[in-house]
Amino acid sequence: MSEQAKDLSAPAGAQAAQGGIFGWYQELTGKERKTFWACFSGWAVDAMDVQLYSFVIPTLIALWGLTRADAGMLATVTLLASSLGGWMVGVLADRFGRVRMLQVTILWFSVFTFACAFTQNFEQLLVFRALQGFGFGGEWAAGAVLIGEIIRDEHRGKGNGVVHSGWAVGWGAAALLYTLFFYLLPEDIAWRALFAAGLLPALLVIFLRRLVSEPEVFLQNQRKMAASGANRLAFLEIFTPKMLYTTVLASLLAVGAQGGYYAIMIWLPTYLKTVRGLSVLSTGGYLAIIIVASFLGYVISAYLTDILGRRKNFFLFSGCSIVTVLLYMFAPIGDTVLFLLGAPLGFFASGIYSGIGAFFNELFPTRIRGSGIGFCFNFGRAVGALFPALVGFLSATIPLGQAIGLFTVGAYALIVAAALMLPETKGRSLMA
């Protein structure tokens, strides 16, 4: 009996009990583990490159005379481009493979993040941020389908969710680089050094090329399509009457998750520095607790999505996010309480994402899984991408904290509404 067969035939409960909370990971085969770490690393370096911009907003406002609306537009164009890239890569992943497209997208966003370091004005940065966004969106689409198809049914929520915790790791790396560069270098050089560091993730492609292979469920579907001469335009099936209800509701759920997260996290460093008057080091300290809590939120939510089910987990984390944002942005609190509230803010806002990968994988059949996940998640990103720009415009008439709070609360309420109308998919087999 092969190693993989032994792992699959062993009683899951017994292995989990022996390994405690990490029992599920011990059950994984070598292929599953390599794929897990590839997707985790890919999401982490994706996060690092994307989050670098949030740290340089105050500097670009000062050096280039940008308005908050301009700064919001730079964030929004990246997210809009990522939505197009995510859908296109999802379609291409259904045809050419999940691993191949993951490699391409990591190289793409690394190169264009590096190029941002050499821009001289708003227009140049706008172009390179858009090009970076194309790869950023594509990486999630390819990686989410890859890990969803590799991890077995009973652990899909945990596997997908823990992979999402890589975002907090990448965000933390961006925060450390920001603190280091801006402490050691003049501002007009530090922001360029920060973007230049974005080339480092390209090294991950070497690992992907050598150690990660395509999921068996994808390969089986490819053989079936080749034998039957199936239509290569199958991605349009997500818009047929049979799938349209699922596509629309999944897209709205993604709008809530993306819009709420980006409305608050893109603007948070600026809010802490310009509204609360914190220094670079103090801002880094406040962000540190949010980032650590975000990591814990991803991981704990990953477990809860397999325990409670996908829908209940969305209800829990969205509701708690609404309460936390209302306190953080609207209550008259001091800096100490603000510091402490950073923990639930990061925990709940990030934890929402842990259920999305598994849920979306289970909503779509294999032949259109990449297309469905790529479109829904990135439609959400396209609409959610408007939130940072709208926050910037609205902050011209009301305080920045109130603008952030209004858009964030509305976004999380949308998640609850969409989840109420979608089916529970916990334990659904992707081989069916």
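Each value in this text was obtained by applying a stated rule to the coordinates, not by laboratory testing. From a predicted model like this one, the values you see are computed outputs, not experimental measurements. For neighbour counting, all protein chains shown are included, and Cβ atoms are generated from backbone atoms with ideal geometry for every residue, glycine included.
At-a-glance table
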item	result
Degrees between helix 354-363 axis and first principal axis of the chain (Cα, 0 to 90, nearest 10)	40 degrees
Near-label residues of region 357-380 by backbone N, under 17 Å of a point 7 Å along Cα→Cβ of R95	367-375
Lysine pair number, Cα distance threshold 23 Å (strictly under), region 31-421, separation 8 or more or different chains	5
Mean Cα-pair separation over length for the chain, i.e. relative contact order, pairs under 8 Å, 6 or more apart, %	27 percent
Mean ellipticity per residue at 222 nm, deg cm²/dmol - from DSSP H runs of n ≥ 4 across the chain, formula -39500 (n - 2.57)	-26500 deg cm²/dmol
Net dipole in debye of the chain [+1 Lys, Arg Cβ; -1 Asp, Glu Cβ; about Cα centre; nearest 20]	720 debye
Sequence ranges 302-313, 72-83, 210-221, ranked by mean other-Cβ count within 10 angstrom, highest first	72-83, 302-313, 210-221
Rounded tilt (10° steps) of 166-184 against the dominant C-alpha axis of the chain	30 degrees
Fewest-first ranking of M329, M421, using other Cβ atoms within 10 Å as the exposure measure	M421, M329
Candidate aspartates and glutamates for bridging to K426, where Cα separation is under 16 Å - those fewer than 8 sequence places away on the same chain excluded	E149, D153, E154, D306, E362
Nearest-ten-degree value, helix 369-384 long axis tilted from longest Cα axis of the chain	20 degrees
Difference of contour (0.36 nm per residue) and Cα-Cα distance, L219 to E187	6.5 nm
Fully extended contour minus Cα-Cα distance, from E424 to R33, at 0.36 nm per residue	138.1 nm
Ranked D49, D70, D188, criterion: other C-beta atoms within 10 Å, fewest first	D188, D70, D49
